[in-house]
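Handing you this structure, nothing more for now.
The values are calculated or read from the model by the stated rules, or taken from the named source; none is laboratory data. On a predicted model such as this, the values are computed, not experimentally measured, just so you know. Heads up, the Cβs are rebuilt from the backbone with ideal geometry, glycines too, and the neighbour counts pull from every protein chain shown. These area figures cover heavy atoms from the full protein model, side chains too; ligands, DNA and RNA do not enter into them. Shrake-Rupley method; radii C 1.70, N 1.55, O 1.52, S 1.80 Å.
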Amino acid sequence: MIYARIAGTGSYLPEQVLTNAEIAQRLDTSDEWIVSRTGIRARHIAAPEQKTSDLALIASQRALEAAGVQAADIDLIVVATSTPDMIFPSSACILQAKLGAHGCPAFDVQAVCAGFIYALATANAYIRSGMARTALVVGAEIFSRILDWNDRTTCVLFGDGAGAAVLTASEEPGILGVELNADGRHQPMLNVPAQVANGEIIGTPYLHMDGGAVFKFAVKTLSDCASKALAAQNMSHEQLDWLVPHQANVRIIESTAKHLHLPMDKVVLTLPEQGNTSAASIPLALDVAVRDGRIQPGHTVMLEGIGGGFAWGAALVKM
């Protein structure tokens, strides 16, 4: 039996930090208001010259170094992003060129904040089927460029960043199982409805979100998804060492942890200093916890996220 294991992780956050206090200088809001509703205190903002593939490149290089893998050894690249460098080619192909990993399949996955789980599931299937042996899976976003910075209900939530994981074929179990779902009926709750047509932007190019509706849907959906992922592996919540959730809202995270009977000291939380980095948030949080020693080899970790679509998923991972 061939399994896919996470051999190394990496991440990157842009240098500029934007605090709640700075936002409050130009909008009718405050640090207290933002923290009480979201748990977010600051977020990172990409420099004007940086593109999504630039953020992905640094995270990928760090993951490759951690895994002891050369770029030439990669035989699959999957990038999860909703903010690609351009309409086409894919950010994965652009990243491939920057890495010098020529010739292997490279493509983007678009499932918004659940994108990394979808990308991880895709790479896992490639490796388990024998179609690949070394895969680079990346979540990278520059959400700051699709925000209306005059809308305090959305602009305070998001930040930029990238996270990556190198998966390698192994005889030892790694990715134990993945649960993926989507329901397009709910797309009006969370979207960026613009399109490019005839050289113009048609529709609004800014993120739209019905915050209350998203919150209610996410709380129930993530709890159900996590339970299904455990049940599919005949596992119970007692066997989990860590929860690495999508970093959207601290109350959603706390609700999921409560459902899984996990104390918050078993939950990796990067939200306060990073905000919601969409597809990048799960691999960013995973890398932080791996590098600071909280997540150790042999630990069982639940990764989960939900994003526009709605699309959602969970992955059980043996580190």
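If you find the alpha carbon centre of the range 119-184 and of the range 235-283, how far apart are they in angstrom?
One Cα centre to the other: 15 Å.
Give the peptides 240-247, 199-206 in descending order of average Cβ contacts within 10 Å, highest first. The partial results should precede the final answer.
Working: 240-247: 24.2, 199-206: 11.4.
Ranked by mean Cβ neighbours within 10 Å, highest first: 240-247, 199-206.
Report the extension gain between Asp148 and Met235 in nm, rounded to one decimal, defined as 0.36 nm multiplied by the number of residues separating them, less their alpha carbon distance.
Contour length minus Cα-Cα distance gives 27.0 nm.
For the chain, what does -39500 (n - 2.57) per DSSP helix run (n ≥ 4), summed and divided by total residues, give at 222 nm, in deg cm²/dmol to the nearest 500?
When only DSSP H runs of four or more count, the value is -9500 deg cm²/dmol.
If you roll a 1.4 angstrom probe over the protein chains with everything in place, what fraction of the accessible area of the range 99-157 belongs to carbon and sulfur, to the nearest %?
Working: 1060 of 2080 Å².
Percent of accessible area from carbon and sulfur atoms in the range 99-157: 51.
Considering only DSSP beta bridges whose two residues both sit in the chain, what percent are antiparallel, to the nearest 5?
Details: 42 of 57 bridges.
Taking every DSSP beta bridge with both residues in the chain, the antiparallel ones total about 75 percent.
What's the ranking of 76-82, 11-17 by average number of surrounding C-beta atoms within 10 Å, highest first?
Answer by packing, highest mean first, reads 76-82, 11-17.
Relative to the Cα centre, what is the charge dipole magnitude of the chain, using +1 at the beta carbon of each Lys and Arg, -1 at the beta carbon of each Asp and Glu, and rounding to the nearest 20 debye?
Value, rounded to 20: 440 debye.
For the pairs Lys51/Lys318; Lys220/Lys318; Lys51/Lys220, flag any whose C-alpha to C-alpha distance is greater than 27 Å.
Cα-Cα > 27 Å for Lys51/Lys318; Lys51/Lys220; rest within.
Cα to Cα, under 28 Å, and not fewer than 8 places away if on the same chain: which lysines meet these conditions relative to Lys216?
Lys228, Lys258, Lys266
In addition: Between Asp183 and Ala71, what is the label-point separation in nm under the 7 Å Cα-to-beta-carbon projection?
If labels sit at Ala71 and Asp183, their model points lie 4.3 nm apart.
Now a separate question. Would you work out what percent of the accessible area of the range 261-300, with all protein chains in place, is carbon or sulfur (probe 1.4 Å)?
That fraction is 56 percent.
For Cα pairs less than 8 Å apart in space and 6+ apart in sequence, what is the mean separation divided by the residue count of the range 220-317, i.e. the relative contact order in percent?
Reported relative contact order: 37 percent.
Accessible area per residue of the range 127-285 at 1.4 Å probe, in Å²?
Value returned for the range 127-285: 43 Å² of accessible area per residue.
DSSP H helices in the chain with Cα extent of 18 Å or more along the helix axis and mean Kyte-Doolittle hydropathy at least -1.0?
52-67, 115-129, 211-232
Okay, next question. In nm, to one decimal, how far is the Trp33 label point from the Ser129 one, both placed 7 Å along Cα→Cβ?
5.0
While we're on this one: How about the range 71-169: which chymotrypsin sites (Phe, Trp or Tyr not before Pro) there lie in a loop by DSSP and see at most 14 other Cβ atoms within 10 Å?
For chymotrypsin sites (Phe, Trp or Tyr not before Pro) across the range 71-169 that sit outside H, G, I, E and B with at most 14 neighbouring Cβ atoms in 10 Å, the list reads Trp149.
Of the peptides 208-215, 2-9, how do they stack up when ordered by the mean number of other Cβ atoms within 10 Å, highest first?
Highest mean packing first, the order is 2-9, 208-215.
Given a Förster distance of 41 Å, report the FRET efficiency between Lys266 and Glu200 from their Cβ-Cβ distance, rounded to the nearest 0.05.
Using R0 = 41 Å, I get an efficiency of 0.25.
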